[in-house]
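All remarks here apply to the structure that follows.
The values are calculated or read from the model by the stated rules, or taken from the named source; none is laboratory data. None of these values were measured; they are calculated from a predicted model. Glycine also receives a Cβ, built like all others from the backbone with ideal geometry; neighbour counts cover every protein chain displayed.
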Amino acid sequence: MRRLGRSLLTWQAALWAGSSLVLILGALAIVVFTGGPSTETATATLPQVTATDITYGPEGAPVVVVEYSDFQCEACARFAPMLAALRAKYGDRVRFVSRFFPLINHPYGMLSAQVAYAASLQSKFWEMQDLLYERQSEWSDAPDAYPYFKGYAKGLGLDMSRFRNDLNAQTTKDFITRQMAEGTDAGVNHTPWFVVNGTVLVPNDIADFEALIDAGL
């Protein structure tokens with residue numbers, strides 16, 4: 001997991017202005033994530049899941065797992081295989097919700113979120129998400145990440161003209177920015193940020209997820 005940076009980048013400046021307390025809390029949260037037992041830290045009131053959310057699993061499921069993530073976040077990449085295994089195990093009984101929270105100190109955080117959202121508009125979000133995490137090391141430090149993203153889109157068989165249009169659309173940027181703002185208002189201050197049925201979960205391993213999910217089923 002990466003600490004939220006202090007320097008603000010162009011369009012994100014206004015969104016994050018005045019959020020010093022959030023940044024401090026995010027820094028403190030690193031201690032919780034990198035050591036010690038798993039902790040169910042607090043309850044959280046998140047925006048209601050709607051038809052615009054990116055979801056996996058049945059509507060009306062008794063358990064809802066929400067993740068706020070950044071595709072350039074190394075900790076998110078480490079948790080990604082666990083979330084994939086949970087979707088495979090519980091996907092017919094649990095609803096998984098993925099929301100965007102690109103960190104301001106990640107140069108490709110916003111662009112990779114745009115890539116994933118554009119893929120979602122062609123029903124390929126989860127496949128693109130897996131590629132972004134699996135191959136994070138090859139694009140994260142590249143001088144230009146876009147050729148990698150374009151290659152992933154081609155490999156998934158996306159309509160490339162539509163992909164480019166959706167990637168650059170203002171509606172795509174607005175959707176991501178809105179999820180960031182709503183997440184910040186709900187207390188999200190680092191990535192990955194997990195909420196299981198209203199409980200903020202700071203997990204060490206997949207068993208921590210399973211315990212909370214099983215309790216809700």
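Just checking, does region 191-205 include any residue being assigned to a loop (DSSP other than H, G, I, E, B), in contact with a helix residue (DSSP H, G or I) (Cβ under 6 Å, 6 or more places away or on another chain) and of a type in the set (Val, Ile, Thr)?
Yes, region 191-205 contains at least one residue that is assigned to a loop (DSSP other than H, G, I, E, B), in contact with a helix residue (DSSP H, G or I) (Cβ under 6 Å, 6 or more places away or on another chain) and of a type in the set (Val, Ile, Thr).
Among the residues of region 190-217, write down those that are over 19 Å from the mean Cα position of the chain (by Cα) and of a type in the set (D, E, K, R).
Those that are over 19 Å from the mean Cα position of the chain (by Cα) and of a type in the set (D, E, K, R): 210, 214.
Of these, 77, 118, which one is modelled with pLDDT of 95 or more and surrounded by 22 or more Cβ atoms within 10 Å (Cβ to Cβ)? Break it down into steps so the answer makes sense when it comes.
Details: 77 fails: surrounded by 22 or more Cβ atoms within 10 Å (Cβ to Cβ).
That would be 118, the only listed residue that is modelled with pLDDT of 95 or more and surrounded by 22 or more Cβ atoms within 10 Å (Cβ to Cβ).
I need the full set of residues from region 75-106 which are hydroxyl-bearing (Ser, Thr, Tyr) and assigned to a strand (DSSP E or B), in order please. Walk me through how you get there before you give the answer.
Within region 75-106, the first condition is being hydroxyl-bearing (Ser, Thr, Tyr), and the residues that meet it are 90, 98.
Within region 75-106, 98 is the sole residue that qualifies.
Just checking: which of the helices (runs of 4 or more DSSP H) contained wholly in region 107-152 hold 2 or more residues that are over 13 Å from the mean Cα position of the chain (by Cα) and within 24 Å of residue 181 (Cβ to Cβ)? Reasoning before the result, please.
Numbers: elements: 109-120, 125-134, 136-139.
By residue number, 109-120.
What are the residue pairs meeting all of these: first residue in region 157-175, first residue under 19 Å from residue 100 (Cα atoms), second residue at pLDDT below 95 and assigned to a helix (DSSP H, G or I), Cβ atoms under 8 Å, and 6 or more apart or on different chains?
173/11
Among the candidates 161, 137, 98, 123, single out the residue that is at pLDDT 95 or above, under 20 Å from residue 56 (Cβ atoms), out of contact with any Ser or Thr (no Cβ under 9 Å at 6 or more places or on another chain) and hydroxyl-bearing (Ser, Thr, Tyr). Even if it seems obvious, please write down each step before you answer.
Details: 161 fails: under 20 Å from residue 56 (Cβ atoms); 137 fails: under 20 Å from residue 56 (Cβ atoms); 98 fails: out of contact with any Ser or Thr (no Cβ under 9 Å at 6 or more places or on another chain).
123 is the lone residue from the list that is at pLDDT 95 or above, under 20 Å from residue 56 (Cβ atoms), out of contact with any Ser or Thr (no Cβ under 9 Å at 6 or more places or on another chain) and hydroxyl-bearing (Ser, Thr, Tyr).
Tally time: how many residues in region 186-204 are surrounded by fewer than 16 Cβ atoms within 10 Å (Cβ to Cβ) and either at pLDDT 95 or above or among the aliphatic types (A, V, I, L, M) (or both)?
Selection size over region 186-204: 0.
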